[in-house]
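Single-structure report; data block below.
The values are calculated or read from the model by the stated rules, or taken from the named source; none is laboratory data. In this text, all values refer to a predicted model and were calculated from it rather than measured experimentally. Heads up, the Cβs are rebuilt from the backbone with ideal geometry, glycines too, and the neighbour counts pull from every protein chain shown.
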Amino acid sequence: MPARKKASIPDAPALCACDTADSEGGRKAVAVDPDIKSRNLVRLRRIEGQVRGLQKMVEDDRYCADIMTQIASVHEALRSVGRALMRNHLRHCASAAIRSDEKSAEAMYDELVDIMYKAAR
């Protein structure tokens, strides 16, 4: 089975107005709704607390099924943040790239497919 070509997204040129380089050369989103950003940060801090709780459960030799239940909760919480980020990416970055020119649209299609495959693993 041939290896799937990996997208070189971090080195890719800006595809739309949402994708700009910062002073270190990394990519930054520009069109981020402040309310969505705030909610995502709250969710991520809550997830961080859940992970610390998992560490304590393992240290305390808690029942494996209870730990697995908490792991499932962390997974779902991360998926929730991912959905919010994907919605923002589709609404701003992807739609702008797809509407711009053929090259940008094709690059965005590749990026979206790559994201979906990674999320499905």
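Taking the stated definitions as given, is SER104 over 23 Å from LEU54 (Cβ atoms), of a type in the set (Gly, Ala, Ser) and touching a helix residue (DSSP H, G or I) at 6+ places or on another chain (Cβ under 9 Å)? Lay out the reasoning, then the answer.
On the way: over 23 Å from LEU54 (Cβ atoms): yes; of a type in the set (Gly, Ala, Ser): yes; touching a helix residue (DSSP H, G or I) at 6+ places or on another chain (Cβ under 9 Å): yes.
For SER104, the condition - over 23 Å from LEU54 (Cβ atoms), of a type in the set (Gly, Ala, Ser) and touching a helix residue (DSSP H, G or I) at 6+ places or on another chain (Cβ under 9 Å) - is met.
Among the helices (runs of 4 or more DSSP H) lying completely within the range 42-121, list those that include at least 2 residues that are loosely packed, with under 11 Cβ neighbours inside 10 Å and in contact (Cβ under 8 Å) with a residue 40 or more places away in the chain.
Of the helices (runs of 4 or more DSSP H) lying wholly inside the range 42-121, none has at least 2 residues that are loosely packed, with under 11 Cβ neighbours inside 10 Å and in contact (Cβ under 8 Å) with a residue 40 or more places away in the chain.
So, of the residues in the range 1-43 that are closer than 21 Å to VAL81 by Cα and among the aliphatic types (A, V, I, L, M), which turns out to be modelled with the lowest pLDDT?
The qualifying residue modelled with the lowest pLDDT is ILE9.
Has the range 44-64 got at least one residue that is among the polar types (S, T, N, Q) and modelled with pLDDT of 95 or more?
yes
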